[in-house]
Amino acid sequence: MARLRIALALAATLALPGVLVGAAQAAPTPGLSTQAAAALPAGSPAAVNGQLKVCGVKLCNKYGKPIQLRGMSTHGIQWYSQCVKTASLDALAGDWKADVLRISMYIQEDGYETNPRKFTDMVHGYIEEATKRGLYALVDWHQLDPGDPNYNTSRAKTFFKEIAQRHKDKTNIIYDIANEPNNVSWAKVKSYAEQVIPVIRAEDSDSLVLVGTNGWSTFGHSDGKDPQDVVKNKVSASNVMYTFHFYAGDHGSDYLAVLSKLADQVPVFVTEFGTQKASGDGSNNFTQSQKYIDLMNAKKISWVNWNFSDDERSGAVFKPGTCSGSSFTGTSKLKPAGVWIRDRIRTADDFPTS
C-alpha cells in the first residue's frame with residue numbers, strides 16, 4: 001500500500017537540499033551533535049517505563065503494567081534528514097510530549113544499500129538523540145520493494161548486529177526488522193524473522209522486537225490472505241510483537257475489524273498509520289481515524305504516525321519549508337493532519353508504576 005507513496009517521494013525529493021546520496025564515507029547527521037552515549041532524563045517516558053516486555057497480548061513496562069506508546073515516524077532519512085534535528089526533536093519530546101521516535105531507514109530507494117556505513121551511522125546518531133530526550137528509539141528496517149524481506153536478509157543481519165552490539169545496554173531500543181512485507185507469504189516472512197532475530201538476541205537478549213506482517217503489515221488482509229495464518233504460525237522467539245499499518249482514507253471498517261480481533265489474539269504494535277490515503281496524500285478522514293484511535297486507546301495498542309517531515313503531501317505534519325527553519329513548537333507550522341495528531345499524542349497514557 002506504500003508503493004505510490006515512495007514513487008511520489010522519489011520524484012519530489014531528489015532535488016531537495018540536504019538529501020543524502022552516494023557519500024563515499026559516513027557523514028554526521030545534519031543538525032545533530034556527535035556525542036557519547038546519552039542518559040535517559042528522569043521522568044521521561046523511557047525512564048519511567050524502562051525495558052519493555054510483552055505480557056500476554058499487551059506491551060508492558062518494567063513494572064509489568066500494560067502501557068500504550070504514542071509517537072511519530074521520520075520520513076525516509078535519505079530524503080528528509082533536515083527535518084530531524086535538535087529543534088524538531090526538542091519539540092517532539094517537549095511540546096508534542098511523544099513517547100517514541102520511529103527512525104525510518106529505507107533499504108532500497110536510495111537508502112541503506114547505497115552506503116551501509118553512512119546510514120548505519122545516521123541511525124546510531126538518531127538513537128542517541130532519542131535517548132537524550134527520553135524517547136524510545138524504534139529502529140525501522142524500512143524494506144518495501146522488493147516485498148520479500150528475504151531479499152535483504154544478509155544486509156539485515158549485518159545492520160542489526162552492529163546496532164544491537166552498540167546499544168544493547170540501553171533500555172529504550174525497539175527493533176523493527178521488516179517494514180511492509182508484500183506479495184509474499186507469511187511463511188516466508190516468518191522464516192526471515194527467525195533468521196534475523198537470533199542475530200539481535202546474540203547481542204541484546206531482552207529488547208523488544210517487532211515483526212512486519214504480510215500484506216503491507218496488515219496480517220495479509222491487503223493481499224487477500226487470512227490474518228489467522230499469523231496467529232496459527234507465530235514467530236518462534238520471545239518478546240516479539242507483530243505490526244499493523246493502516247491509512248484511514250483507504251482502510252475502513254474491515255481493516256478496523258481485523259485490528260480489533262488480532263489485538264486480542266497476538267501482541268500488536270501499529271508502527272505506521274495516516275489519516276489520509278495509503279499514498280500519504282489526499283484529504284484527511286479524521287472520523288475514521290478517530291475510530292482507530294479509540295480502539296487503540298481502549299486496547300492499549302501502541303502507535304506511530306507517518307510522518308514527521310515537511311513533505312508537500314497531506315500526511316507530512318509540517319507545512320512545506322518548515323524544516324529549513326528552527327520553529328517547530330505549537331501549531332502554526334502544522335498542516336491539519338499535524339494539528340490533529342499532535343493533539344492526540346499530547347494526551348499521553350498514564351504510565352502505571354505500581
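Taking other Cβ within 10 Å of each residue's Cβ, how do 54, 189, 268 sort, fewest first?
The most exposed by this proxy come first: 54, 268, 189.
Highest first, please rank the peptides 176-185, 342-351 by the mean number of other Cβ atoms sitting within 10 Å of their residues.
176-185, 342-351
For the chain, modelled as a Gaussian network with Cα springs under 10 Å, which listed residue fluctuates most, 74, 243, 287?
Of 74, 243, 287, the most mobile in the Gaussian network model is 287.
Determine, for 279, 354, 44, 238, the number of other Cβ atoms within 10 Å of each Cβ, and report the residues in order from fewest to most.
Going from sparsest to densest Cβ surroundings: 354, 238, 44, 279.
Assuming 0.36 nm per residue, please report the length gained on full extension of the stretch residue 346 to residue 151 beyond their Cα-Cα distance.
Gain in length upon complete extension: 66.3 nm.
Among 151, 211, 324, which residue has its Cα positioned farthest towards the positive end of the charge dipole of the chain, with +1 placed on the Cβ of Lys and Arg, -1 on the Cβ of Asp and Glu, and the dipole taken about the Cα centre?
Highest projection toward the positive end goes to 211.
Over the range 259-350, calculate the relative contact order: mean separation of alpha carbon pairs under 8 Å at least 6 apart, over the residue count, as a percent.
Relative contact order for the range 259-350 comes out at 23 percent.
Could you name the lysines in cross-link range of residue 132, using Cα to Cα under 20 Å and dropping any fewer than eight places away on the same chain?
Partners within reach: 62, 85, 97, 168, 170.
Compare the Cα positions of 47, 172, 253 along the charge dipole of the chain (+1 at Cβ of Lys, Arg; -1 at Cβ of Asp, Glu; about the Cα centre) and return the one farthest towards the positive end.
47
Once amide H atoms are placed 1.01 Å from N in the peptide plane, what residues at a sequence separation of 5 or more from residue 178, or on another chain, have their amide H within under 5 Å of its amide H?
Counting only residues 5 or more places away or on other chains, the set is 141, 212.
How much length is gained on full extension from residue 287 to residue 113, taking 0.36 nm per residue of separation minus their Cα-Cα distance?
Result: 58.7 nm gained on full extension.
Count the DSSP beta bridges whose two residues both fall in the chain, then state the antiparallel fraction as a percent rounded to the nearest 5.
15 percent
Pick from 79, 340, 141: which is most flexible by mean-square fluctuation in a GNM of the chain where alpha carbon atoms under 10 Å apart are linked?
340
Rounded if a/c is under 1.5, else prolate if a/b is larger than b/c, else oblate: which is the chain, with a ≥ b ≥ c the root eigenvalues of its Cα gyration tensor? Before the final figure, lay out the partial values.
Details: a/c = 1.15, a/b = 1.11, b/c = 1.04.
In terms of gyration-tensor shape, rounded.
Give the relative contact order (percent, whole number) for the chain; include only Cα pairs under 8 Å separated by 6+ residues.
It rounds to 20 percent for the chain.
Could you derive backbone 3J(HN,Hα) for the range 97-103 from the dihedral phi with the Karplus parameters 6.51, -1.76 and 1.60 (θ = phi - 60°), listing whole Hz in sequence and x where the residue is Gly or Pro?
Per-residue couplings from phi come out as 6, 6, 10, 8, 10, 8, 9 Hz.
For the pair residue 257/residue 206, report the inter-label distance in nm, with labels modelled 7 Å from Cα in the Cβ direction.
In this crude label model, residue 257 to residue 206 measures out at 4.2 nm.
Coordinate-derived values only; no laboratory data. None of these values were measured; they are calculated from a predicted model. Backbone-built Cβ (ideal geometry, glycine too); neighbour counts: all protein chains shown.
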